[in-house]
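Trainee: Here it is: the structure, laid out below.
Laboratory data are not the source of any read-out in this text; all were calculated from the coordinates shown. Please read these numbers as outputs of a predicted model, since none were measured by experiment. We place every Cβ from the backbone using ideal geometry, glycine too, and count neighbours over all the protein chains shown.
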Amino acid sequence: MSETIYDVPSAWSDKAWANDARYQEMYAASIKDPEKFWGEHGKRIDWFKPYTRVKNTSFEPGKVSIKWYEDGTTNVAHNCVDRHLAKRGDQTAIIWEGDNPAESKVITYRELHAEVCKFANVLKAHGVEKGDRVTIYLPMIPEAAYAMLACARIGAVHSVVFGGFSPDSLASRIEDSDSKIVVTADEGLRGGRTVPLKKNVDSANDKVKGGIGTVIVVRRTGGNVAMQAGRDVWYHDEAAKVSADCPAVEMNAEDPLFLLYTSGSTGKPKGVLHTTAGYLVYTAITHQYVFDYHDGDIYWCTADVGWVTGHSYILYGPLANGATTLMFEGIPTYPSISRFWEVIDKHKVNTFYTAPTAIRSLMGAGEEPVKKTSRASLRLLGSVGEPINPEAWEWYHRVVGDRRCPIVDTWWQTETGGILITPLPGATRLKPGSATRPFFGIRPEILDAEGKVLEGACEGNLVIADSWPGQMRTVYGDHQRFMDTYFATYANKYFTGDGSRRDADGYYWITGRVDDVINVSGHRMGTAEVESALVAHPSVSEAAVVGYPHDIKGQGIYAYVTLMTGESPSEDLRKELVAYVRNEIGPIASPDLIQFAPGLPKTRSGKIMRRILRKIAEDEFGALGDTSTLADPAVVDDLIENRQNKR
Ligand code: 6R9
C-alpha cells in the first residue's frame, strides 16, 4: 500500500465547490438529517409538481422498498435538455469525436432538443408508449444519446445493451425486458474495424420468442445490411416524416427511467432498475462536486454508454448540469497510441475520466506518446471501474496530469446509480489507490463475516447502512431476487459485494469483489455466466471459472475444463472453446487461460472448492489451506502440475 499523500493544491481548495471544511460540514449535515439535505438538493432539478415527501426507504428484511421524492413529478429529458434552452441554447451539449480523427461534430443544446424530439416522435410513431421498454444496441454515436433521452421524454424505459455483446446476450436481454422495439445501427466502427450490429440483431431475432417487433436502424457506416420488410426501418427515413417538437411527458419521481443488465455471482444477468428523480438528482450532484464542474468546463468520460458509467457520467449527470460532454466513438490506441491525449488537445478537455485498465495498457508504451502532446487544458483526472494500483495512479498523476491534476478515484456500481466513495478535488488529500471518503449522504460500514460492524482501522465486507437517492429500486421483474442479492447477507444493510479496508484516517481502500464476480478491464463478469457458456459446448463436461491477477486487465479469466469421456485436450479445442465463449457472451468474456483437468476439486457433497482453484490460478499453491475435506485430494496435484503459464 502506498504511503504517499498528496495535499489539496491551494488553487483547488480556493475555487472548488467544496474545500475540506465545507465537505465535513455538508457530509455531517447529510447524515444528521437526510430529509433536509436531500430535500434541499432535490431543488437542483425542475419539477412539474413539487414533492412534499423526500425519503421513504426501508432495508428491512423481506420488505425492502426505496422511494425518493415520491409525490413529485418531473421529466428527465426536460431537465437534461429543455430547461437549458433559455440560457444555453447555443452552448455545446455534446462534442462527438469519431473513430476516425477527421470526423467530429458539436451538438448544441438547441440541436439536441430537436434531435431528441424527433427521435421521440419516431418511437411514438412505432407505437412506443409510456412504460414500454426499448432496447438500444448502438455504437458511441450521438443517436445513442438522442435515443436514450427520447425514451425519457416519452416515459419509455430504455435498456441499453453494450455493442460488444453477442446475439445470444442481446436476445436474452430483449426477452427479459420484453422489448418490442430495438434501436441499432448498420455497423459500429471501432479502431478502424466495423462491428456488425444489425447482423447481430438479426441473429438475436431468431432467438427471441415471437421475434422482435420493430428494428430501427441508424445509418452509421453505410455498410450493406439486409432490411426485413415489415420489421426493419431506417431511422433517417422515419425521422424525415416527424416533427422536431414533442412534449416531455409528466413522470412520477418513481417511474422507471432505465434498465441496465449487470452480472452477479449467480444466474443470468439481472435488470437493474433505476427510476426518475432520485437518480437524476444524485447523478447531477455527484457530477458537480466530484468533478467540480463549473460552467464552461469541457468534460470527457471515456466509458461506453452501454455501461452505467456512460449512463450517469456521459449523459445524465453532465446534461442535467448543462455541461459540455464529450462522446468518443473510438479506442485509446487508434490511429495511434496518443489518441486520448490528442483528443484532449483538440477539444481542450478540462476533466478526463477513464478506467485503470486503459491507464495500465497505455503505461506499457512509455511516456513519449503522452509527453508529445500538450494536455495544458487538463485540470482534473478521474478513475472508475476497478481498483487502481498505486503504480498506475502515480503514472496517471505524473505523466498524464503533469503532477498538476488531482485524481478522483470514484468507487460505485451499476446498482448505486452514481459515485458513493470518492475524493472531492478541492477537499480531499489523496492517497494513491484509495477511493478515500464517502460522498454526501453515504454511510459506508465495514462488517466481518458474522455481520459485526468493525470500528476504526479494519478490513472486511463493505455495506451501505442507509439509502441514497441514486440507489437501484429493484431487479426488473424480480423484487425477491433484489432482496436476496443485496439485503439478505446482512440485515438492514445494502451489501455491495466488495471488500474494503479502512485506514486510520477513515479512508476506504476497495480490495475487490468478495463474491464470484470478476472484473476484467473494468467489465463485470459473473464466473457462472462463463461456466454455463463453456458447459454448453458438446465436448465439455464441467467447467469452473475464476479470476487471476492480470497486469493490464486487472483480472483475467482462468477456466478449468473437464472434457466428456472420449474427448482429448488439444490446442485446437482450446481455441475452439475460447471462440465459443466469445460467441455465446461476447469478446469481453473470452477466457485468457484454459486448463484441461481430469477432475475438479470437490467437497464430499459435490461442491467445487473455488478457493483452491483461485489459489492455483494465482500461483499461490503453497497456501491452499485445508484440502482434507476434498473427495479426492489427488486432483489438486494434477491441477498444480498442469497450471497455465501467465506470461
Ligand atoms: C461504476 C462501475 C462495479 C464494481 C464494484 C467494484 C468495481 C468500480 C471502483 C471499483 C475499486 C473503484 N469498482 N469502481 N473498485 N475502485 N474506483 O464500474 O460499475 O460495472 O457495476 O462495477 O466495479 O468491484 O463492485 P459496475
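Trainee: Starting with the highest mean, order 63-75, 244-256 by the number of other Cβ atoms within 10 Å, averaged over the residues of each peptide.
Mentor: 63-75, 244-256
Trainee: Quick one: grab the alpha carbon gyration tensor of the chain, order the square roots of its eigenvalues as a ≥ b ≥ c, and give me rounded if a/c is under 1.5, else prolate or oblate depending on whether a/b is larger than b/c.
Mentor: rounded
Trainee: So how do 339-348, 268-277 stack up, highest first, on mean other-Cβ count within 10 Å?
Mentor: Highest-to-lowest ranking by the protection proxy: 268-277, 339-348.
Trainee: Oh, and also: Sequence gap at least 6, Cα distance under 8 Å: using those rules, report the relative contact order of segment 385-517 to the nearest whole percent.
Mentor: Across segment 385-517, relative contact order equals 22 percent.
Trainee: Please list 374-380, 586-592 highest first by mean number of surrounding beta-carbon atoms within 10 Å per residue.
Mentor: Result, highest mean first: 586-592, 374-380.
Trainee: To continue, here is another question. Rounded, prolate or oblate: which fits segment 1-133, taking a ≥ b ≥ c as square roots of the Cα gyration tensor eigenvalues, rounded meaning a/c under 1.5, else prolate when a/b beats b/c?
Mentor: oblate
Trainee: Hey, what did the chain get for relative contact order, percent, Cα under 8 Å, at least 6 apart?
Mentor: Value for the chain: 13 percent.
Trainee: Something else about it: If amide hydrogens are placed 1.01 Å from N in the peptide plane, which non-local residues have theirs closer than 5 Å to the one on G191?
Mentor: Answer set, sorted by chain and number: I331.
Trainee: Next question, about the same structure. In debye to the nearest 20, how big a dipole does segment 521-642 give about its Cα centre with +1 on each Lys and Arg Cβ and -1 on each Asp and Glu Cβ?
Mentor: Charge dipole, segment 521-642, about its Cα centre: 460 debye, nearest 20.
Trainee: Still on this structure, please answer the following. Mind listing the lone cysteines of the chain, meaning no other Cys beta-carbon sits under 4.7 Å from theirs?
Mentor: So far as the 4.7 Å Cβ criterion goes, C80, C151, C301, C405, C458 stand without a partner in the chain.
Trainee: Given a cut-off of 21 Å, name the pairs among K55/K493; K348/K372; K15/K87; K87/K241; K431/K646; K43/K124 whose C-alpha atoms lie farther apart than that in the structure shown.
Mentor: With Cα atoms farther than 21 Å apart: K15/K87; K87/K241; K431/K646; K43/K124.
Trainee: For T436, enumerate residues with amide H under 5 Å from its amide H, sequence gap 5+ or separate chain, H modeled in the peptide plane.
Mentor: Y508
Trainee: Further question: Once phi is turned into ³J(HN,Hα) by the Karplus curve 6.51 cos²θ - 1.76 cosθ + 1.60 with θ = phi - 60°, what whole-Hz value does each residue of segment 46-61 show in order, with x for glycine and proline?
Mentor: Per residue, the Karplus-derived 3J(HN,Hα) values read 7, 10, 6, 10, x, 7, 10, 9, 9, 10, 9, 10, 9, 9, 4, x Hz.
Trainee: Pairs of lysine in segment 521-642 with Cα under 21 Å and at least 8 positions apart or on different chains: total?
Mentor: Taking the Cα cut-off of 21 Å, the pair count is 4.
Trainee: Indicate the gyration tensor shape class of segment 521-642 (rounded, prolate or oblate), computed on the Cα atoms with a ≥ b ≥ c the square roots of the eigenvalues: a/c under 1.5 is rounded; otherwise a/b larger than b/c is prolate and the rest oblate.
Mentor: It is oblate, given that a/c is not under 1.5 and a/b is not larger than b/c.
Trainee: Note down the relative contact order for segment 521-642 as a percent, whole number, built from C-alpha pairs under 8 angstrom at least six residues apart.
Mentor: It rounds to 23 percent for segment 521-642.
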